[in-house]
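Novice: The structure's right below; bear with me while I get my questions together.
The values are calculated or read from the model by the stated rules, or taken from the named source; none is laboratory data. As the structure is a prediction and not an experimental result, all values here were calculated from the model. Don't worry about glycine lacking a Cβ; one is built from the backbone with ideal geometry, like all the others, and counts go over all protein chains shown.
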Amino acid sequence: MLFSPESKKIWIGREEDLSLLIVNYLVHLKDFQLATEVMYQVASRHPDSLPVQNALGRLLLQVGNVVEAKAVFLQIRATYADKPSHQPMVAINE
(Lines give C-alpha, C1' and ligand atoms only; values in the text may rest on other atoms or scores of the structure.)
Protein backbone atom coordinates (compact mmCIF):
# COMPACT_ATOMS: atom_id res chain seq x y z
CA MET A 1 0.00 0.00 0.00
CA LEU A 2 1.46 3.32 -1.05
CA PHE A 3 0.79 6.57 0.72
CA SER A 4 -0.26 9.67 -1.12
CA PRO A 5 2.21 12.59 -0.90
CA GLU A 6 -0.12 14.38 1.53
CA SER A 7 -0.47 11.31 3.74
CA LYS A 8 3.29 10.71 3.71
CA LYS A 9 3.89 14.32 4.78
CA ILE A 10 1.45 13.90 7.68
CA TRP A 11 3.13 10.71 8.87
CA ILE A 12 6.60 12.24 8.63
CA GLY A 13 5.35 15.15 10.75
CA ARG A 14 3.94 12.71 13.29
CA GLU A 15 7.24 10.86 13.44
CA GLU A 16 9.06 14.16 14.06
CA ASP A 17 6.59 15.12 16.80
CA LEU A 18 6.83 11.75 18.55
CA SER A 19 10.61 11.75 18.32
CA LEU A 20 10.78 15.20 19.90
CA LEU A 21 8.42 14.05 22.66
CA ILE A 22 10.75 11.14 23.40
CA VAL A 23 13.76 13.47 23.54
CA ASN A 24 11.89 15.84 25.86
CA TYR A 25 10.96 12.94 28.13
CA LEU A 26 14.59 11.81 28.27
CA VAL A 27 15.56 15.35 29.28
CA HIS A 28 12.84 15.24 31.94
CA LEU A 29 14.44 12.00 33.22
CA LYS A 30 17.80 13.84 33.17
CA ASP A 31 19.25 11.29 30.74
CA PHE A 32 21.01 13.97 28.74
CA GLN A 33 23.42 11.59 27.02
CA LEU A 34 20.65 9.43 25.57
CA ALA A 35 18.54 12.50 24.76
CA THR A 36 21.46 13.93 22.78
CA GLU A 37 22.09 10.65 20.95
CA VAL A 38 18.42 10.30 20.02
CA MET A 39 18.24 13.95 18.97
CA TYR A 40 21.20 13.52 16.62
CA GLN A 41 19.46 10.50 15.08
CA VAL A 42 16.23 12.46 14.64
CA ALA A 43 18.12 15.40 13.12
CA SER A 44 19.89 13.10 10.67
CA ARG A 45 16.57 11.57 9.59
CA HIS A 46 14.98 15.02 9.19
CA PRO A 47 17.76 17.37 8.03
CA ASP A 48 15.29 19.70 6.31
CA SER A 49 13.02 20.13 9.32
CA LEU A 50 13.47 23.54 10.93
CA PRO A 51 11.72 22.51 14.18
CA VAL A 52 13.96 19.46 14.51
CA GLN A 53 17.13 21.45 13.81
CA ASN A 54 16.03 24.12 16.31
CA ALA A 55 15.37 21.43 18.91
CA LEU A 56 18.86 20.03 18.34
CA GLY A 57 20.41 23.45 18.88
CA ARG A 58 18.38 24.08 22.03
CA LEU A 59 19.26 20.67 23.46
CA LEU A 60 22.94 21.23 22.79
CA LEU A 61 22.71 24.55 24.65
CA GLN A 62 20.91 22.86 27.53
CA VAL A 63 23.64 20.24 27.92
CA GLY A 64 26.34 22.93 27.71
CA ASN A 65 27.69 22.24 24.24
CA VAL A 66 27.73 25.87 23.16
CA VAL A 67 30.15 25.37 20.25
CA GLU A 68 28.02 22.75 18.50
CA ALA A 69 24.80 24.64 19.31
CA LYS A 70 26.22 27.74 17.67
CA ALA A 71 27.19 25.71 14.60
CA VAL A 72 23.63 24.33 14.35
CA PHE A 73 22.10 27.80 14.69
CA LEU A 74 24.47 29.26 12.09
CA GLN A 75 23.56 26.46 9.70
CA ILE A 76 19.85 27.16 10.31
CA ARG A 77 20.40 30.84 9.56
CA ALA A 78 22.30 30.06 6.35
CA THR A 79 19.71 27.54 5.19
CA TYR A 80 16.60 29.61 5.91
CA ALA A 81 17.90 33.17 5.39
CA ASP A 82 15.99 33.58 2.13
CA LYS A 83 12.71 32.07 3.36
CA PRO A 84 10.58 34.86 4.91
CA SER A 85 7.99 32.42 6.29
CA HIS A 86 10.68 30.85 8.50
CA GLN A 87 12.16 34.09 9.82
CA PRO A 88 10.32 34.13 13.18
CA MET A 89 11.71 30.70 14.07
CA VAL A 90 15.18 31.63 12.81
CA ALA A 91 15.10 34.91 14.78
CA ILE A 92 14.51 33.01 18.04
CA ASN A 93 18.05 31.66 17.74
CA GLU A 94 19.71 35.07 17.54
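Novice: Confirm whether Arg77 is basic (Lys, Arg) and either closer than 19 Å to Asp31 by Cβ or at pLDDT 95 or above (or both).
Specialist: No, not satisfied.
Novice: Could you please give the count of residues in the range 27-54 that are touching an Asp or Glu at 6+ places or on another chain (Cβ under 9 Å) and either surrounded by fewer than 17 Cβ atoms within 10 Å (Cβ to Cβ) or hydrophobic (A, V, I, L, M, F, W, C) (or both)?
Specialist: 4
Novice: Taking the options Ile12, Ile22, name whichever one is at pLDDT 95 or above, within 15 Å of the chain's Cα centre (by Cα) and of a type outside the set (Ser, Thr, Tyr).
Specialist: Ile22
Novice: Here is a follow-up. Is there any pair linking a residue in the range 5-28 that is within 14 Å of Met39 (Cβ to Cβ) to one that is at pLDDT 95 or above and aromatic (Phe, Trp, Tyr), with Cβ under 9 Å and at least six apart or on different chains, and which?
Specialist: Short answer, once both residue conditions are applied: Leu26/Phe32.
Novice: Tally up the residues in the range 18-57 that are farther than 22 Å from Arg77 by Cα and of a type outside the set (Ser, Thr, Tyr), please.
Specialist: 17
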